[in-house]
Amino acid sequence: MKALLTNLKGDKGIWAFVSLLALFSFMPVFSASTNLVYVVGKGSTIGYLMKHLVHIFIGFCLIYFVHKTPYHYFKAISKVALPIVVLLLAYTMVQGTTIGGANASRWIQVPFIGVSFQTSALALIVLMVYVARYLSKIEGKEYTFQSSLFELWLPVFSVIILILPANFSTAALIFSMVCMLVFVGKYPMKYLGIIIGAGLVGLIMFVLVAKAFPDAMPNRVDTWMSRIERFSSDEPNEDDYQIEKAKIAIASGKIYGLGPGKSVQKNFLPQSSSDFIFAIIVEEYGLLGGLAILFMYLMLFFRFLITSHKAPTMFGKLLIVGLGFPIIFQALVNMGVAVELLPTTGQTLPLISSGGSSIWMTCIAIGIILSVTKKEEEIAQEEEEKRQREEILQRLIDKEMEKEEVVAEDYSIETVGDNPMNAVLNKE
């Protein structure tokens, strides 16, 4: 264990808060799994706990191996991975609409393993790395809006268009985070304004076409469009049921909560272990528990800000911003849904909600961030080691110089008499 901890590089604050969130996740996931066991009638609570343990373990293995990779390698990886992601998103879009009887328009089934995988989560990471690579490449150089349209915005809109029909919340999250990243990367505001305007016009046109031809994309657009309509409507609906149960859970928790495992609403609230797990946390651990979770995410955000400021290169700064900020934003969206500040989105609580691909993609993003912070740490360590080597080398040189002076004094050659070799012949 000691050897393992010494091999953990990067920002220790990020390691600490990520570990705390992951450790805390076991209690609410174990508690909320009783809904699936006793209400839905699937599996066992220990089985769901062990499944979550495996997901977390794999996630931390991903963090460890990814953070060992020099972060500049991800420049080349993003160029290769982006076309693959686009193909996966296209396959996800045209695949069958159900997996095990459930709507699976966001997921694909991994062959031979039997694991479902959310491709949009991988697309977010790859796209953010790709945008960071492009912005760092054009730093300090002259470029035109037309050139950025092809190299930057064409891949961005290709990914968003493939995600939008099935998952509006993730598409909106990706677009807003890309706009935030290019703003941080000093992309001209006039160009960014044109892109945002074009994106809004494109969204309106898409909604109008979907309304005019509802059979073109069944079970996909209707889901998120109806959620937005229901959120702005006063009529009772299915989402109101979920939100009401979530608010009852939050109100029941009061200040100190009902206690671990004592949630009542987990038996009535759908997706209590994933989308609405924050409501279960507040019910069992009270307002103090909810604020503690919010505090850990904010502290993680604070560490992202500090490490991005200290990053040695523009690419490193943009990587931390582009991969770290969406994690915090997604957490705030999940909490906002639970208290009815936002319509139901399907966004999980990072590192806490149950689910394999969401945990793994978050861990990959954190691993890349730690790789950036590790680079700064290694530079400082290499400079210290270089300074120590120079000191040791200088001491060895001084010691050898002292020996040579002593030898020169003992064996000095002086001319004695007529024969110049007498000085050497007379030495003992």
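The values are calculated or read from the model by the stated rules, or taken from the named source; none is laboratory data. Everything numeric in this text was worked out from a predicted model, so none of it was measured. Cβ sites come from the backbone with ideal geometry, for glycine too, and all protein chains shown count toward neighbours. Ligands, DNA and RNA are stripped out before the accessible areas are found, and what is left, the full protein with its side chains, is counted by its heavy atoms. Shrake-Rupley method; radii C 1.70, N 1.55, O 1.52, S 1.80 Å.
Looking at region 246-257 only, could you name the residues that are surrounded by fewer than 18 Cβ atoms within 10 Å (Cβ to Cβ) and assigned to a loop (DSSP other than H, G, I, E, B)?
Going through region 246-257, the residues surrounded by fewer than 18 Cβ atoms within 10 Å (Cβ to Cβ) turn out to be 247-248, 251, 254-256.
Selection gives 254, 255, 256.
If you check 291, 332, which single one turns out to be surrounded by fewer than 22 Cβ atoms within 10 Å (Cβ to Cβ), free of Cβ contacts under 8 Å to residues at least 12 places away in the same chain and more than 12 Å from the chain's Cα centre (by Cα)?
Values: 332 fails: free of Cβ contacts under 8 Å to residues at least 12 places away in the same chain.
When all the criteria are applied, what remains is 291.
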Fill in: Condition met for residue 270 (under 30 Å from residue 78 (Cα atoms), open to solvent by 40 Å² or more (accessible area, probe 1.4 Å), outside any helix (DSSP H, G or I) and modelled with pLDDT under 90)
no
Discussion item. As an exercise: evaluate residue 12 against (1) closer than 30 Å to residue 157 by Cα; (2) open to solvent by 80 Å² or more (accessible area, probe 1.4 Å); (3) among the basic types (Lys, Arg) and give the number of the one condition it does not meet.
Written reply: (1)
Fill in: Hits in region 156-170 - residues which are open to solvent by less than 10 Å² (accessible area, probe 1.4 Å) and modelled with pLDDT under 90
163, 165, 167
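Has region 184-201 got at least one residue that is closer than 30 Å to residue 311 by Cβ, at pLDDT below 85 and in a helix (DSSP H, G or I)? Give the derivation first.
Kept after step one, since they are closer than 30 Å to residue 311 by Cβ, are these residues of region 184-201: 184-196, 199.
With at pLDDT below 85 added as a condition, the list becomes none.
No, because not a single residue in region 184-201 is closer than 30 Å to residue 311 by Cβ, at pLDDT below 85 and in a helix (DSSP H, G or I).
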Item to complete: Pick out the one residue from 300, 351, 318, 341 that is free of Cβ contacts under 8 Å to residues at least 60 places away in the same chain and hydrophobic (A, V, I, L, M, F, W, C).
Response: 341
Worksheet item: Quick check, is residue 385 open to solvent by 10 Å² or more (accessible area, probe 1.4 Å) and either more than 14 Å from the chain's Cα centre (by Cα) or more than 22 Å from residue 13 (Cβ to Cβ) (or both)?
Response: yes
Worksheet item: If you take the residues in region 335-357 that are out of contact with any helix residue (DSSP H, G or I) (no Cβ under 6 Å at 6 or more places or on another chain) and part of a helix (DSSP H, G or I), which one is modelled with the lowest pLDDT?
Response: 337
